[in-house]
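Read through the structure below, which is laid out as structure tokens, and then see the notes.
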């Protein structure tokens, strides 16, 4: 199991490898604004990159795409941090982006450019340590609706790699279950949705669902997230009119408050799995139903 911090850290290592290849094997810097020349332009960036060869441009394009995806998630996770943290993030981002795009620079060599970018990206990852995580490393599973329909009795969910975990129910899922119990044309699906809702309501007898209740002692905890995502500090491609995207938006909000713990989407939906992969969010299939499971 991994956490978003580890995932982003691995992504940053990959970015640095591409950047090192770009700068040290395909790039060169020259002084375009010679202070002793006949014409001097007042500028802090007196050096420029020579034009890249074809392979260099291909690496630059791939690097730009990978960095954009990495930084989008980093920016979202740090969105609600104090101004000084956001300032550091903006500063490091400008340095890395300008280097990838090979704009005029104050670096005199490509080795200097790479070393400073390396420090900047390491600082970006370090900023994630500012986030608070109350879960003490316990994994959280976020099932979508089809995972619950596939294996409704979450008290019997087991995963070999996890002895304890929390199941977090997103508002989009609860809304979809309410709709399925009434509107689905398959009676079996309607019955399963109804049973799941009754089961969840029954767990209220054990405490507040929004604060979390134990459904299997020392093994499974259940929490219901009551607030819909606002879509402001989230992935730029999210469309809140799409239920999968709303689900992912809620998941990103959840990850922000569980930054040092594994947060894993549980789904059999290949389209949602693809979106998770693109957003660097771990996912897994639900466990196989057993004969004693509810509605199996």
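The values are calculated or read from the model by the stated rules, or taken from the named source; none is laboratory data. What you see is a predicted model; the values in this text were computed from it and never measured. Cβ: placed from backbone, ideal geometry, glycine included. Neighbour counts: every protein chain shown.
Have a look at 60, 72, 81 and point out the one that is modelled with pLDDT of 95 or more and either in contact with a strand residue (DSSP E or B) (Cβ under 9 Å, 6 or more places away or on another chain) or surrounded by 15 or more Cβ atoms within 10 Å (Cβ to Cβ) (or both).
The unique qualifying residue is 60.
Scanning for something touching a helix residue (DSSP H, G or I) at 6+ places or on another chain (Cβ under 6 Å) and surrounded by fewer than 17 Cβ atoms within 10 Å (Cβ to Cβ), does the stretch 162-183 turn up at least one residue?
No, because not a single residue in the stretch 162-183 is touching a helix residue (DSSP H, G or I) at 6+ places or on another chain (Cβ under 6 Å) and surrounded by fewer than 17 Cβ atoms within 10 Å (Cβ to Cβ).
Could you look through the stretch 84-110, keep only residues that are over 13 Å from residue 123 (Cα atoms) and in contact with a helix residue (DSSP H, G or I) (Cβ under 7 Å, 6 or more places away or on another chain), and pick out the one that is surrounded by the most Cβ atoms within 10 Å (Cβ to Cβ)?
99
If residue 222 meets every condition in (1) at pLDDT 90 or above; (2) surrounded by fewer than 20 Cβ atoms within 10 Å (Cβ to Cβ); (3) touching a helix residue (DSSP H, G or I) at 6+ places or on another chain (Cβ under 7 Å); (4) not in a helix (DSSP H, G or I) apart from one, which number is that one?
Looking at each condition in turn, residue 222 falls short on (2).
Can you tell me which residue is surrounded by the fewest Cβ atoms within 10 Å (Cβ to Cβ) among those in the stretch 150-161 that are more than 19 Å from residue 247 (Cβ to Cβ) and touching a residue at least 24 places away in the same chain (Cβ under 8 Å)?
Here the answer is 161.
In this structure, does residue 252 turn out to be closer than 25 Å to residue 128 by Cβ, modelled with pLDDT of 95 or more, within 12 Å of the chain's Cα centre (by Cα) and surrounded by 17 or more Cβ atoms within 10 Å (Cβ to Cβ)?
no
Whether any residue in the stretch 234-245 is in contact with a strand residue (DSSP E or B) (Cβ under 6 Å, 6 or more places away or on another chain) and closer than 17 Å to residue 73 by Cβ is what I want to check.
No, the stretch 234-245 contains no residue that is in contact with a strand residue (DSSP E or B) (Cβ under 6 Å, 6 or more places away or on another chain) and closer than 17 Å to residue 73 by Cβ.
How many residues does the stretch 158-184 hold that are within 25 Å of the chain's Cα centre (by Cα), part of a loop (DSSP other than H, G, I, E, B) and at pLDDT below 95?
Final tally of qualifying residues: 5.
I'd like to verify a number: residues in the stretch 259-290 that are in a loop (DSSP other than H, G, I, E, B) and closer than 16 Å to residue 138 by Cα, how many?
5
Taking the residues in the stretch 265-280 that are in contact with a strand residue (DSSP E or B) (Cβ under 6 Å, 6 or more places away or on another chain) and under 23 Å from residue 67 (Cα atoms) as candidates, determine which candidate is modelled with the lowest pLDDT.
276
Got a sec? Which of 113, 120, 147 is assigned to a helix (DSSP H, G or I), assigned by TED's automatic domain parsing to the domain that holds residue 194 and either surrounded by fewer than 20 Cβ atoms within 10 Å (Cβ to Cβ) or more than 19 Å from the chain's Cα centre (by Cα) (or both)?
Of 113, 120, 147, the one residue that is assigned to a helix (DSSP H, G or I), assigned by TED's automatic domain parsing to the domain that holds residue 194 and either surrounded by fewer than 20 Cβ atoms within 10 Å (Cβ to Cβ) or more than 19 Å from the chain's Cα centre (by Cα) (or both) is 147.
Taking residue 234 as the residue in question, decide whether it is assigned to a loop (DSSP other than H, G, I, E, B), under 11 Å from the mean Cα position of the chain (by Cα) and surrounded by 17 or more Cβ atoms within 10 Å (Cβ to Cβ).
When the stated conditions are applied, residue 234 passes them.
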